[in-house]
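Structure record follows, encoded as structure tokens.
Only the coordinates and a few stated rules stand behind these numbers; no lab work does. Predicted model only: the values in this text are computed from it and were never measured. Virtual Cβ from ideal backbone geometry, glycine too; neighbours counted across all protein chains shown.
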Amino acid sequence: MMAEPQIVDALQEKEVPARSKTFYLETFGCQMNVHDSEKVIGTLVQQGYRQVETEEDADLILYNTCSIRDKAEQKVFHRLNDFKKLTDQGKRFGVLGCVAQQEGEHIFERAPHVSLVAGSASYRKLPEMLVRLELGDRRITGLDDRQTEETFETEFTVRSNPHRGYITIIEGCDKFCAYCVVPFTRGKERSRTSSSVLAEARRMADAGYTEIQLLGQNVNSYRDPEGKKSFAELLAAVGEVPGIRRVRFTTSHPRDFTRDIVEAMDAVPTLCDHVHLPVQSGSSHVLKLMQREYTREWYLERISWIKAAKRQISMTTDIIVGFPGETPEDFEQTITLLHEVQYDGVFAFKYSPRPNTPALSMPDSIPDEVKSQRLQILLDRQREIQRVNYSKHIGHVLEVMVEGYNQTRGQVIGRTSQNKTLNFTSSQPILPAAGSYVQVKVTKSFPNSLLGEAVA
Ligand code: SAH
Ligand code: SF4
Ligand code: F3S
């Protein structure tokens with residue numbers, strides 16, 4: 001949405017200082033937050049602010065926060081404490097994102113130097129909140145407790161990468177897994193229209209983007225408000241936008257993972273060979289406690305669809321160890337699931353009790369040492385799986401998108417369609433530029449990356 005005209009007028013009447021106002025923004029958390037920040041930056045620039053690199057240089061210091069685990073939440077309070085002294089110089093502090101929505105006005109009590117607390121569902125009102133901040137208001141809140149039906153769309157997005165960009169297609173979450181804060185911090189599930197998503201994809205292609213990543217807490221729960229396209233159809237349509245060479249999507253929820261997503265991947269070559277499908281646990285007993293709404297067998301059926309695709313599709317997942325009630329046998333089932341699926345990557349976390357969630361009051365909590373032991377066992381086993389998986393690429397030629405250059409190692413950094421890092425050397429006098437596509441022969445493998453040589 002564009003800035004409302006009356007707000008811009010108010011700003012002009014109020015005599016904006018000749019020197020441009022500056023802001024510093026640090027982002028924590030998931031890709032949704034990273035992309036929200038790109039939209040927040042666009043909105044601030046539109047309001048006459050200039051981004052600076054340090055807290056010391058900024059008039060307005062913003063933290064876009066994450067609350068998924070306790071450690072993530074604590075980070076922002078450490079930052080606020082570390083830079084509190086800057087308030088003496090008239091600087092203002094704002095807390096955005098998931099901790100803002102979760103803690104609300106409590107943040108003013110814990111950190112009285114904060115002037116703005118705004119959750120992601122209120123960013124449409126940012127221009128208005130900025131004006132109030134400039135007029136001297138010291139307690140501004142933008143909070144929304146699962147009321148908003150609208151999505152945050154703005155044409156002022158400032159994307160940090162000129163080749164590969166995000167598009168949020170669905171915000172919020174209605175799943176309420178027993179351990180998770182997201183339904184409370186991100187609000188109700190709400191999708192953008194497929195026309196607006198496709199228009200943005202076309203604008204990005206026109207601006208030179210070749211890779212698009214569709215985002216949502218549950219990206220495949222997408223429901224077109226216009227009723228024109230299913231998620232799989234939207235995915236295919238984005239993949240068919242002229243100029244787009246790679247399309248990714250994250251995060252899929254197993255409950256809404258339908259077979260037509262794999263059919264779209266089969267039909268449209270630009271859809272990347274990768275699915276991130278968080279399982280959380282290999283035990284149906286724990287999945288039930290987690291309120292994930294599927295069983296191990298249900299999940300494995302979806303995996304079998306992906307494995308039956310025409311191209312080889314890489315799979316990654318998220319796992320929580322030490323959820324209340326997880327027995328050694330339950331944990332063992334998670335380990336056997338890793339072997340059965342053969343993931344190329346696993347994001348594993350120790351269960352962290354979170355405010356507002358049902359799991360907080362569940363019995364049989366697991367001691368931290370046991371959580372740590374289980375996490376270590378899981379990571380060790382997964383490392384061996386990846387060592388074997390990655391070695392299977394040796395001798396093959398893969399296309400990479402160039403991401404940059406590692407000076408110390410003298411290697412170009414590339415990413416494959418399967419989302420694997422493939423670093424390579426090149427005999428050409430001029431190195432391939434970031435954003436270009438290169439064919440690379442894999443010569444060596446590690447559990448987390450590949451090494452190769454550019455094919456002439
Ligand atoms: N919407 C996605 C995941 C979003 S959160 C899904 O449903 O899969 C990203 C990951 O953080 C989750 O997949 C989960 O593994 C982890 N996570 C969420 N809440 C957590 C908690 N309380 N403790 C530990 N890990 C958690
Ligand atoms: Fe959290 Fe579950 Fe929603 Fe994922 S689906 S964001 S884990 S509540
Ligand atoms: Fe964190 Fe909020 Fe994303 S809690 S993981 S920033 S949705």
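Considering only Thr27, Gly42, Ile319, and ranking their Cα positions along the charge dipole of the chain that arises from unit charges at the beta-carbon of Lys, Arg, Asp and Glu, the one farthest toward the positive end is Ile319.
Fully extending the segment from Glu384 to Leu360, taken as 0.36 nm per residue of separation minus the present Cα-Cα distance, adds 5.3 nm.
At q = 0.08, 0.11, 0.12, 0.13 Å⁻¹ the log10 of I(q)/I(0) for the chain amounts to -0.51, -0.99, -1.16, -1.33, computed by Debye summation with a single uniform scatterer per C-alpha, solvent ignored. Note that the range 266-282 has calculated 3J(HN,Hα) couplings of 5, 7, 10, x, 6, 6, 5, 7, 8, 10, 9, 10, x, 9, 6, 7, x Hz, one per residue in order, obtained from phi through the Karplus relation 6.51 cos²θ - 1.76 cosθ + 1.60 (θ = phi - 60°); glycine and proline are x.
Residues whose amide H lies under 5 Å from that of Asp273, counting only those 5 or more places away or on a different chain, are Gln418; hydrogens are built 1.01 Å from N in the peptide plane. Karplus-based coupling profile of the range 67-73, in residue order and whole Hz: 10, 5, 10, 4, 4, 4, 5, with θ = phi - 60° in 6.51 cos²θ - 1.76 cosθ + 1.60 and x standing for Gly or Pro.
Close amide-amide hydrogen proximity is noted between Lys350 and Val321, each under 5 Å apart and 5 or more residues distant or on a separate chain (H modeled in the peptide plane; Pro and chain starts excluded). In this structure, the amide hydrogen of Gly142, modeled 1.01 Å from its nitrogen in the peptide plane, lies closer than 5 angstrom to those of Val117, Ala118, Gly119, counting only residues at least 5 positions away or on a different chain.
Evaluated with a Cβ-only charge set (Lys, Arg +1; Asp, Glu -1), the chain carries a dipole of roughly 880 debye about its Cα centre, given to the nearest 20. Pairing the Cα long axis of helix 296-307 with the longest principal axis of the chain, what angle in degrees results, from 0 to 90 and rounded to the nearest 10? Roughly 80 degrees, rounded to the nearest 10.
Each 5 Å bin from 0 upward holds the following percent of the Cα-Cα pairs of the range 219-318: 2, 12, 23, 23, 18, 11, 7, 2, 1, 0. Charge dipole (Cα centre; +1 on Lys/Arg Cβ, -1 on Asp/Glu Cβ; no other charges) of the range 164-389 amounts to roughly 560 debye. Treating r as the C-beta distance of Gln312 and Ala456 and R0 as 45 Å, the FRET efficiency rounds to 0.95.
Put simply, the range 151-212 fits an ellipsoid with semi-axes of 27, 13, 10 Å; these come from the alpha carbon gyration tensor as the roots of five times its eigenvalues, largest first. Remark: relative contact order (the chain) = 10 percent; criterion is Cα-Cα distance under 8 angstrom and separation of 6 or more residues. Note that the range 151-162 has calculated 3J(HN,Hα) couplings of 9, 9, 10, 8, 8, 9, 4, 9, 7, 7, 10, x Hz, one per residue in order, obtained from phi through the Karplus relation 6.51 cos²θ - 1.76 cosθ + 1.60 (θ = phi - 60°); glycine and proline are x.
With contacts taken as Cα pairs under 8 Å and at least 6 residues apart, the range 397-454 reaches a relative contact order of 36 percent. Every pair of different Cα atoms in the range 164-389 enters the Kirkwood calculation, which places the hydrodynamic radius at 18.5 Å. The C-alpha atoms of the range 5-142 occupy a region whose extents along the principal axes are 44, 31, 27 Å, arranged from largest to smallest. What you get for the range 112-214, charging only the Cβ of Lys and Arg (+1) and of Asp and Glu (-1), is a dipole of about 180 debye around the Cα centre. When all alpha carbon pairs of the range 397-454 are counted in 10 Å bins from zero, the resulting P(r) reads 27, 63, 10, 0 %.
Restricting the range 300-342 to trypsin sites (Lys or Arg not before Pro) that sit in a DSSP loop and have at most 14 other Cβ atoms within 10 Å of their own Cβ leaves Lys310, Arg311.
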